[in-house]
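A quick write-up on the structure given underneath.
None of the figures in this text is laboratory data; all of them are computed from the coordinates on show. Bear in mind that the values here come from a model prediction, so they are computed numbers and not experimental data. Ideal geometry is used to build each Cβ from the backbone, glycine not excepted, and the neighbour counts take in all protein chains shown.
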Amino acid sequence: MSLESRIKEAKFRVIPHVTESAAMNLAIDRALLEKMEKKLLNGDFAEPIIRTYQLNRPAVILGYNQKSEGRFNHDLANENNVDLTMRDSGGGHMYFSPKDIHFSFISPLNFFDSRDLISMYWATNSILLNALRKIGYDAHLGRTSIRIGDANGLIIAGAARKNKRFSSLQQVGILVGNYDKEIFDILMARKDEIKLWKKRVWALEKFGELDRVNLVKNLIRSLPNYFVKDLNYDETNEAKRLCKTVYTNSEVLTKGTKLSDICLIADYKKDKEEPIIEYAAA
């Protein structure tokens, strides 16, 4: 069965849009992923899950196993009430404001036609791409990003994935707020990173105010078949546990060893090695 047919036949679980801390939102993603993996391991059925959210305060989110030393200015972040947390998917660190919109897709791995990593990025990002186009943005798919103008245009959203044995998680951050000097200082960005960021990354607020409500509505409406179901008791409790033990745990957050560029910069640099092929949105 093709991916297009699978999307038409699938029944998606949509979790209502929330505003929470970055740590709690990432803990929710992890709790949902682990629960799905367990169900699939036991041979049970699991619906693909879509959720959107915003942060209740600014945060720097580290990529999986990313080193925070030299990449996060704790003192400056504390002065500006900026949280630090991490995600389970790859890539480098990014600053997100409460304006920015986040999209998560948790699904069985067999939802996809191919185990090719970039094909999975394209298939998932195309869901969000359609919603952006419906509210007027000339959006296109990059290698792992979403861009304005064409497939080689300005980056407005970056994505990162985590694949387990039977399930997968893709997390996408749509950059609405613009970066300024203070944000780059918090990220301890190098001059070459700042130069490339200013050249290749674009915040949606430069196009005017983002209609978040219509974006979320159009995203949901693009699904052929879905049901809305909030987190249940077990999912909520597991997310709270993970938030405390992992995503706000300073010992966990500072033990990473991987040296990474700012997330969207790394995506653009990779384009030099692997040319972008435009993917038809589903």
**Item:** Complete set of residues in the range 242-261 that are in contact (Cβ under 8 Å) with a residue 24 or more places away in the chain and not small (Gly, Ala, Ser)
**Value:** Leu242, Cys243, Val246, Tyr247, Thr248, Val252, Leu253, Thr254, Thr257, Lys258, Leu259, Asp261
**Asked** Which residue out of Thr236, Thr257, Thr245 is closer than 19 Å to Ala160 by Cα and surrounded by fewer than 18 Cβ atoms within 10 Å (Cβ to Cβ)?
**Response** Thr257
**Message:** Which of the numbered conditions does Arg161 fail, given that it passes all the others? Conditions: (1) free of Cβ contacts under 8 Å to residues at least 40 places away in the same chain; (2) closer than 23 Å to Pro108 by Cα.
**Reply:** (1)
**Message:** I'd like the full set of residues that are under 17 Å from the mean Cα position of the chain (by Cα), crowded, with 17+ Cβ neighbours inside 10 Å and not small (Gly, Ala, Ser), limited to the range 92-117.
**Reply:** His93, Met94, Tyr95, Phe96, Lys99, Asp100, Ile101, His102, Phe103, Phe105, Ile106
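Which members of the range 133-145 meet the condition of being in contact with a helix residue (DSSP H, G or I) (Cβ under 8 Å, 6 or more places away or on another chain) and either over 23 Å from Leu26 (Cα atoms) or surrounded by fewer than 24 Cβ atoms within 10 Å (Cβ to Cβ) (or both)?
Of everything in the range 133-145, those that are in contact with a helix residue (DSSP H, G or I) (Cβ under 8 Å, 6 or more places away or on another chain) and either over 23 Å from Leu26 (Cα atoms) or surrounded by fewer than 24 Cβ atoms within 10 Å (Cβ to Cβ) (or both) turn out to be Lys134, Ile135, Tyr137, Ala139, His140, Leu141, Gly142, Arg143.
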